[in-house]
Amino acid sequence: MAKAIRRQAATAERVAASTADNHVAEQMKSLAQAFRSQAEIIKKNKKKKKK
């Protein structure tokens, strides 16, 4: 699950880099950051369950 979310973050960053509209680029960068945060939370929760 976390791996798939990281892929979505990478896709969002590529779209942000390729778009000409600054507003859309900023939104996509924010979305990528949110995806990365979500992936980290999933990873931490998974480690806690193993203990």
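Coordinate-derived values only; no laboratory data. This structure is a prediction, so every number in the text was calculated from the model and none was measured. Heads up, the Cβs are rebuilt from the backbone with ideal geometry, glycines too, and the neighbour counts pull from every protein chain shown.
Some points to look at:
- Ordered by the number of other Cβ atoms lying within 10 Å of each residue's own Cβ, fewest first, Lys48, Lys29 fall into the sequence Lys48, Lys29.
- Residue exposure sequence - Val15, Val24 - by fewest surrounding Cβ within 10 Å: Val24, Val15
- Each label point was placed 7 Å from the Cα along the Cα-to-Cβ direction; for Ala20 and Lys3 their separation is 3.8 nm.
- A dipole drawn for the chain from +1 and -1 charges on Cβ atoms has a positive end, and of Ala20, Met1, Ser30 the residue lying farthest that way is Met1.
- Local net charge near Ile5, Cβ-Cβ under 11 Å (Lys/Arg +1, Asp/Glu -1): +4
- Net charge of the neighbourhood of Met28, taken over other residues with C-beta under 14 Å away and scored Lys/Arg +1, Asp/Glu -1, is 0.
- Residue exposure proxy: Glu26, Glu13, ordered by other Cβ atoms within 10 angstrom of their Cβ from fewest to most, comes out as Glu26, Glu13.
- Computed over the chain: relative contact order in percent, which uses C-alpha pairs under 8 Å that are six or more apart: 46
- Evaluated with a Cβ-only charge set (Lys, Arg +1; Asp, Glu -1), the chain carries a dipole of roughly 880 debye about its Cα centre, given to the nearest 20.
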